[in-house]
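All of the numbers you see were taken from the coordinates with simple rules; none came from a lab. Note that the coordinates shown come from a computational prediction; the quantities given were computed from them, not determined experimentally. Virtual Cβ from ideal backbone geometry, glycine too; neighbours counted across all protein chains shown.
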Amino acid sequence: MPFQFEQERDCVGYFSSRIMRDRVFRRIVLRAYQERCAVTGLKQINGG
């Protein structure tokens, strides 16, 4: 038996605009944290 909601829910669309930062800013932040997560300290390596 499929799950049935107690009440019908409305679908809401949401659009936002974000500030695009430049590549230099990104590199500075990555270097400041030694390319690691600021919270956990983990480093993710993509592509091997």
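Would you mind giving the three semi-axes, in whole Å and largest first, of the ellipsoid equivalent to the chain according to its Cα gyration tensor?
Working from the Cα gyration tensor, I get semi-axes of 40, 20, 10 Å.
What FRET efficiency comes out for the pair ARG9/ARG36, r = Cβ-Cβ distance, R0 = 35 Å, nearest 0.05?
Details: r = 40 Å, r/R0 = 1.13.
Efficiency, from the Cβ-Cβ distance: 0.30.
Just to confirm the number: angle between the C-alpha axis of helix 23-32 and the first principal axis of the chain, 0 to 90 degrees, nearest 10?
Between helix and principal axis, roughly 80 degrees.
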